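Scroll down for the structure; my scribbles are underneath it.
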Amino acid sequence: MVIEEQEKHIYERLRQEREKLHLSQFELSLEAGVSQNMIAYIENGKRTPSISTILKLCNAMKIDPSVLFLKYDAEKEHAKQTVLEIIQKYM
């Protein structure tokens with residue numbers, strides 16, 4: 001996957017997680033100490049946030065940063081099933 005595609009995915013996941021928590025950009029900005037404009041720019045792919053900013057946003061939403069990097073929840077479930085199958089095979 002090209003870096004630009006990965007970044008776009010991360011920013012989309014950030015927006016999805018914020019919306020899942022029913023937080024507006026303004027509410028998240030207050031919790032995270034990041035401007036509302038910066039959140040909008042990040043979600044629209046117009047700004048590249050620092051790691052510090054990503055961590056502030058994740059902490060404010062009480063999510064693990066790794067959530068933003070999983071492309072699909074199905075990938076996570078598939079990986080989990082594969083690990084369980086391997087464990088069962090050797091038990």
Only one of (1) among the aromatic types (Phe, Trp, Tyr); (2) open to solvent by 100 Å² or more (accessible area, probe 1.4 Å); (3) modelled with pLDDT under 95 fails for residue 11. Which number is that? (2)
Pairs, first small (Gly, Ala, Ser) in segment 38-50, second open to solvent by less than 90 Å² (accessible area, probe 1.4 Å), C-beta under 9 Å, six or more apart: 40/25; 45/7; 45/11; 45/12
So, in segment 21-54, of the ones that are open to solvent by 40 Å² or more (accessible area, probe 1.4 Å) and at pLDDT below 95, which residue ends up nearest to residue 67 (Cα to Cα)? 51
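The values are calculated or read from the model by the stated rules, or taken from the named source; none is laboratory data. The structure presented is a predicted model; accordingly, all values stated were derived computationally and were not measured. When we count neighbours, we look across all protein chains shown, and the Cβ atoms used for this are built from the backbone with ideal geometry, even at glycine. Areas reflect the complete protein model, heavy atoms only, side chains present, ligands, DNA and RNA absent. Shrake-Rupley method; radii C 1.70, N 1.55, O 1.52, S 1.80 Å.
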